[in-house]
Amino acid sequence: MKSEEFASALDMQSERQYIELYEQARQMIRDHAPEAMNAVRDQAFEDFRRLGFPSQKVERYKYTNLQKLFAPDYGVNLSRLQIPVDPYQAFRCDVPNLSTSLYFVVNDMFYNDDKPKGHLPEGVIIGSVRDYPEIAGKYYARLAKTAEDAVTALNTMLAQDGMLVYVPKSVKVDRAVQVINILKATPRNAQRPVPDLMVNRRVLIILEACAEIKMLFCDHAADDRNFLATQVIEAYVGENASLDLYCMEETHYKNVRVSNVYIDQQAGSRVNHNVITLHNGVTRNKLDLTFSGEGAECQCYGCVIADKQQHVDNNTLITHKAPHCTSNELYKYVLDEQAVGAFAGRVLVEHGAQKTASQMTNQNLTATRQARMYTQPMLEIYADDVKCAHGSTVGQLNDAALFYMRQRGISLNEAKLLLQNAFINEVIDKMKLEPLRDRLHYLVEKRFRGELNKCDGCKLCK
């Protein structure tokens, strides 16, 4: 290890360094983690050692080189040193008319103190996995199957804390819950230079029957360091329950983010899943959503704005196991300079899932000849009474529209900005939280104007 404070992976091939790290620090990892996480840790290690990082020959990973992303020598805070940050001082939410219950995760540790976080209905739990062993032990790592995904296995074998969200039966959380994920590399009383940092975040969301909650996750980096963040979110959505899940990234070009989201929907449930990437380095988002009960619905939206050498890859799999379910996907990208975007979506309709309705749409703008977009919408259907469609487009700004605006005295740059705004706003307009929607319109315009080119804290929360 590099120091007594941070354990570091060895400088070998991508998989080997993490295997040796776990073999050397297994007890330290377990000593600083709850039993619910330790119970599945060794199996996750065996799965990761068997799988290794997938190459780009693997279909779901063909557009992002994971082996390269995980090859550098990152430090890992296995001894759970406290990071000197006062998130309440650094981040204040002033989104007009959006009253949120505010929580923080510093790197991969739930920030737990006695300051008020907003009123929650009776029985609702938002806290650390370690504080609720009975609930966590029942649900943790049941959806995120480590035998099928190497990043999920790696996260499960290294994660030492997690955030638990539990909403009991028929309880509605009226106030949106906002979670600020802060990346910070400098520990308190550090005696040596801090290495680039790897963090492994975990989120467990449980909604019992007829429960409702809206959650907004905001990711940003507080230090100008190289970060590698893995994240696994598991969401259990009970019968007739409703989950709105918004994930927004505004970090910096030194950040690598690999996020896997697993959602299981029971009969009559409703899910809105929204992914917004405003600024990043390399981002790889995976969504696996399963309809396990009849009459469930999901709306999945994504908007991406990327330039320079930024890379954003969204990969989705929606599995219709039950009949009379509806899924709708809309992802839009605007790519400038040498940015690379990728979208691969697959809808799987299993035997017996009759009366399925599904629509998948991916639309993309490339502002330069150097920008690259890869798109792969797919349908796999084993039922004969369904209504499914998919489509994708990749193009540039409309020359006729640009000419029309130029003829009316609008500069070329301003005309491009207006057209790009109109293109991406179709996704934002579908978001249910009106104050968040209005704020995002403002942030998107600033992003296109180049005013969000460094991370100095989430513009939603400062």
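The values are calculated or read from the model by the stated rules, or taken from the named source; none is laboratory data. Only a predicted model underlies this, so the values are computations on that prediction, with no experimental measurement involved. Neighbour counts run over all protein chains shown; Cβ positions are idealised from the backbone, glycine included. Calculation scope for accessible area: heavy atoms of the full protein, side chains included, ligands and nucleic acids excluded. Shrake-Rupley method; radii C 1.70, N 1.55, O 1.52, S 1.80 Å.
Values as computed for the structure displayed
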read-out	value
Selection from 262, 51, 199 lying farthest towards where the dipole of the chain points positive, charges on Cβ	199
Charge dipole (debye, nearest 20) of the chain; +1 at Cβ of Lys and Arg, -1 at Cβ of Asp and Glu	860
Check: segment 294-407 dipole with +1 on Lys, Arg Cβ and -1 on Asp, Glu Cβ, in debye	300
Antiparallel DSSP beta bridges within segment 127-270, as percent of all bridges there, nearest 5	5
Average Cα contact separation per residue, the chain, under 8 Å, 6 or more apart, as relative contact order %	11
Which listed pairs, of 57/308; 68/321; 308/387, have C-alpha distances above 28 Å, in listed order	68/321; 308/387
Peptide ranges 20-31, 328-339, 126-137 listed from the most packed, as the mean C-beta count within 10 angstrom indicates	328-339, 126-137, 20-31
The chain - mean residue ellipticity at 222 nm from DSSP helices (-39,500 (n - 2.57) per run, n ≥ 4, rounded to 500)	-6000 deg cm²/dmol
Mean Cβ neighbour count within 10 Å, used as a protection proxy, ranking 60-66, 240-246 highest first	240-246, 60-66
³J(HN,Hα), Karplus 6.51/-1.76/1.60, whole Hz, each residue of segment 307-317, x for Gly, Pro	8, 6, 10, 5, 9, 9, 10, 10, 10, 10, 9
Candidate aspartates and glutamates - alpha carbon under 14 Å from residue 432, same-chain residues fewer than 8 apart omitted	174, 212, 244
Approximate spin-label separation residue 138-residue 68, in nm, with each point projected 7 Å along Cα-to-Cβ	4.6
Normalised contact order of segment 14-93, rounded percent, pairs of Cα under 8 Å and 6 or more residues apart	37
Backbone HN-Hα couplings from phi across segment 243-260 [Karplus 6.51/-1.76/1.60, Hz, Gly and Pro as x]	10, 10, 10, 10, 10, 10, 10, 9, 9, 8, 6, 8, 9, 10, 10, 10, 10, 10
Partner aspartates and glutamates for residue 355 [C-alpha distance under 20 Å; skip if fewer than 8 residues away on the same chain]	239, 264, 294, 297, 329, 380, 384, 385
Per residue value of the accessible surface for the chain (all protein chains in place, 1.4 Å probe), Å²	40
The chain shape via C-alpha gyration tensor axes, a/c threshold 1.5	rounded
Counted charge near residue 388, where neighbours are those whose Cβ lies closer than 14 Å (Asp, Glu -1; Lys, Arg +1)	-2
Under the Karplus curve 6.51 cos²θ - 1.76 cosθ + 1.60, θ = phi - 60°, whole-Hz ³J(HN,Hα) for segment 125-131, x wherever Gly or Pro sits	10, 9, x, 7, 4, 5, 8
Descending principal axes extents, segment 335-462, alpha-carbon based, whole Å	56, 38, 27
